[in-house]
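Heads up: the structure comes next, in structure tokens.
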Amino acid sequence: METLQNISDFKQKALHWANQFDVCCFLDSNQYKDAYSAYDFVIAAGVQSELKCTSGTAFDQLKTFQSINKQWLFGFFSYDLKNETENLQSNHADQLNFPDLYFFIPEYLIAFKNGKTEILIGDRTILDEISIFQLQTENSPVILNIHQKISKAQYISKIESLKSHIIRGDIYEVNFCQEFFAENAQINPIGTFEALNQLSPTPFAGYFKVYNQYILSATPERFMCKRGNRLISQPIKGTAKRSANPDTDEQIKQALRNDIKEQAENVMIVDLVRHDLTKSAVKGTVKVDELFGIYSFPQVHQMISTISCELDPDIHFIDAIKNAFPMGSMTGAPKVKAMQLIEQYEEAKRGIYSGSFGCISPDGDFDFNVVIRSILFNAESKYLSFQVGGAITYQCDAEKEYEECLLKASAILKVLGG
């Protein structure tokens, strides 16, 4: 364990060093204090072994892979694994072509906590390599022509159609998303991620490179983590923009805390998560630790609730992930019907968007985020994409929902020069 003097300098060099490898993953809490995080940031680089699979038996393959390799695993779950857990399908074109599930055992793993670095895989020499690593500062040009998959008018019309499903009683709430995309895109992935992470530092940010595919994420949301025999899920529902004026900002925060519509959205998802956790819990242990907590980030205030349970010892922790996937905050209630309507009304395949990435420790603890506020990029096909969405309920106003989408997209558009 070594104490570091200049943390941000080390972090930047370590990320650039890791980016030389075909595969790397950087998970950063951006110094947000959190009761459940094991480390402030971790950097995994290089591949000892990897698992790549499509929806069908992906969770079972991961279970086998993990039982053979009780080591640190880093990876992601695509939203389209829903087709494995339920009788669903994804018919939209996929321009990004990420695997449905991908996990790797790194060759090198550095973790950082309370000012100290720890080498979890590898030896001390990597710290020397990182300390003398020369940053490549030349920025490749950002050439982007960003389009929206649907127009504002189409968006509003789709919201009205979804509201008619709510009136009919098909669903109570659905998370409806839209895609922004650029073809023939040229970006410097690491520079783009650094700009995004600087503009919008969040507690579950991350950079994930798998060969030619990149996830550049400024997500504020945890999907689920496991600590010992406890599972903890922290869905976000409820968003309000920040103000530069401290008094106004405080008023906005209080208004969000007391907003009946936002509370209604949040509590529906809390119920859904409770239901999802019940499938994996010791009977009677599911509880809501915090309801309607208000947390502030550079662009927005968010309403976040925390639900936890004790994991049934007869249930494998990967099955617990499967039982709650995809996360309720990105689907709706009832979940299966909401996912059918998402497929019907959205125009883009979600893929990694609204999926999850993170890590599993050798003792079976894990921490996974929700892939929102994230840029997805395929350097081979030069396709860049990001999606934004929100909870559609009977009370919602389509115009305001559209504005909220643009608010959620603002940091990414700023970084991409749009």
Rg(Cα)/(2.2 N^0.38 Å) for the chain, N = residue count: 0.94
Most mobile of Thr285, Thr306, Thr248 in a GNM of the chain (Cα contacts under 10 Å): Thr248
Residue with peak Gaussian network fluctuation, the chain [Cα springs, cutoff 10 Å], from Gln251, Gln198, Gln302: Gln251
From phi via Karplus (6.51, -1.76, 1.60), per-residue ³J(HN,Hα) for region 89-99 in Hz, x at Gly/Pro: 9, 10, 10, 6, 4, 10, 8, 9, 6, 6, x
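Scaled to the compact-protein estimate 2.2 N^0.38 Å, what is the alpha-carbon radius of gyration of region 94-224, rounded to two decimal places?
Dividing the Cα radius of gyration by 2.2 N^0.38 Å gives 1.47.
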Mean shadow area of region 319-384 over all directions, Cα convex hull, nm²: 6.1 nm²
Sum of -39500 (n - 2.57) over DSSP H runs of 4+, divided by residues of the chain (222 nm, nearest 500): -9500 deg cm²/dmol
Violating pairs (Cα-Cα greater than 32 angstrom) within the set Lys33/Lys322; Lys279/Lys414; Lys13/Lys52: Lys279/Lys414
Once the Cα gyration tensor of region 1-55 is diagonalised, semi-axes √(5λ) in Å: 24, 17, 9
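Could you work out Rg/(2.2 N^0.38 Å) for region 240-340, with Rg from alpha carbons only?
Numbers: Rg = 16.2 Å, N = 101, 2.2 N^0.38 = 12.7 Å.
Dividing the Cα radius of gyration by 2.2 N^0.38 Å gives 1.27.
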Estimated Rh, region 209-270: Kirkwood, alpha-carbon pairs, angstrom: 14.7 Å
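What's the local net charge at Gln251, with K and R +1, D and E -1, over the other residues with C-beta under 14 Å away?
Result for the neighbourhood of Gln251: 0.
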Magnitude of the charge dipole, the chain, Cβ model with Lys/Arg +1 and Asp/Glu -1, debye to 20: 460 debye
Anchor Lys209: aspartates and glutamates whose Cα lies under 19 Å away (excluding residues fewer than 8 positions away in-chain): Asp22, Asp28, Glu50, Asp94, Asp100, Glu107, Glu194, Asp367, Glu380
Mean Cβ count within 10 Å, highest first, over the residues of peptides 182-188, 216-222: 216-222, 182-188
Among Ser329, Ser49, Ser280, residue whose mean-square fluctuation peaks in a GNM of the chain (springs only between Cα atoms under 10 Å): Ser49
Packing-based ranking, highest mean first, of 77-86, 333-342 given that Cβ atoms within 10 Å are counted: 77-86, 333-342
Burial ranking of peptide ranges 13-20, 319-326, 59-66 (average Cβ count within 10 Å, highest at the top): 319-326, 13-20, 59-66
Base-10 log of normalised Debye intensity for region 352-418 (one unit scatterer per alpha-carbon) at q = 0.11, 0.12, 0.15, 0.19 Å⁻¹: -0.40, -0.47, -0.67, -0.88
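Laboratory data are not the source of any read-out in this text; all were calculated from the coordinates shown. Just so you know, these numbers come straight off a predicted model, no measurement behind them. All Cβ positions, glycine included, derive from the backbone under ideal geometry; neighbour counts span all protein chains shown.
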